[in-house]
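The values are calculated or read from the model by the stated rules, or taken from the named source; none is laboratory data. No experiment lies behind these values; they were computed from the predicted model shown. Virtual Cβ from ideal backbone geometry, glycine too; neighbours counted across all protein chains shown.
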Amino acid sequence: MAIESNGEIISTARVTVPSEHRRELCLTISSLLDLIRREAGCRGYRFYGEQDDPNSFILIGEWETREAWDQHLSSDTFSILLGSLKLLSTDPHVDFKLLSHLKGIEEVTKARCEPFKEATPLFIT
């Protein structure tokens with residue numbers, strides 16, 4: 001999944017591995033994180049374990065532009081990452097997704113307050 005905001009991209013991928021491959025996946029991803037984070041246009045790349053399932057993980061990448069994301073997809077590092085995920089996961093189909101654009105707190109506040117803008121004030125005497 002990915003979010004695009006003024007060209008910014010956020011990508012996600014979820015993977016589940018058999019318990020016997022968990023350590024190998026964690027070591028592989030950990031060795032790639034710094035390389036990915038140093039790629040041009042990468043704002044951040046994180047690897048999280050799911051609380052309720054010790055064999056499920058999520059990768060979240062933040063990219064300055066769609067071009068930076070596309071370059072990442074063409075990189076040797078991504079090839080190693082994707083190959084590892086396919087080899088070690090319970091499902092050999094790994095789906096990287098681009099999230100929809102999420103507005104900042106200003107938009108959330110506006111959406112929550114908009115219905116009250118036209119409401120008649122209630123005065124208690």
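Against the list (1) at pLDDT 95 or above; (2) within 22 Å of residue 91 (Cβ to Cβ); (3) surrounded by fewer than 16 Cβ atoms within 10 Å (Cβ to Cβ); (4) of a type in the set (A, V, I, L, M), the condition residue 58 fails is (1). Taking the criterion of being small (Gly, Ala, Ser) and either touching a Lys or Arg at 6+ places or on another chain (Cβ under 8 Å) or loosely packed, with under 13 Cβ neighbours inside 10 Å (or both), the residues of the stretch 62-103 that qualify are 74, 79, 83, 100. If you go through the stretch 28-72 and pick out every residue that is over 22 Å from residue 17 (Cα atoms) and of a type in the set (A, V, I, L, M), you end up with 3.
Considering the stretch 29-76, and only residues there that are of a type in the set (Asp, Glu) and outside any helix (DSSP H, G or I), the residue that is nearest to residue 10 (Cα to Cα) turns out to be 62. The set of residues in the stretch 11-22 that are β-branched (Val, Ile, Thr) and either within 11 Å of residue 58 (Cβ to Cβ) or in contact with a Lys or Arg (Cβ under 9 Å, 6 or more places away or on another chain) (or both) comprises 12, 15, 16.
Pairs needed: first member in the stretch 6-28, under 21 Å from residue 95 (Cβ atoms) and outside any strand (DSSP E or B); second member anywhere, charged (D, E, K, R) and at pLDDT 90 or above; C-beta distance under 9 Å; at least 6 residues apart or different chains. Once the first residue is under 21 Å from residue 95 (Cβ atoms) and outside any strand (DSSP E or B) and sits in the stretch 6-28, its partners that are charged (D, E, K, R) and at pLDDT 90 or above give 17/24. Taking every residue in the stretch 83-102 that is more than 16 Å from residue 57 (Cβ to Cβ) and at pLDDT below 90 and pairing it with any residue that is of a type in the set (S, T, N, Q) and not in a helix (DSSP H, G or I), at least 6 positions away or on another chain, the pairs with Cβ-Cβ distances below 7 Å are 98/11; 99/12; 101/5.
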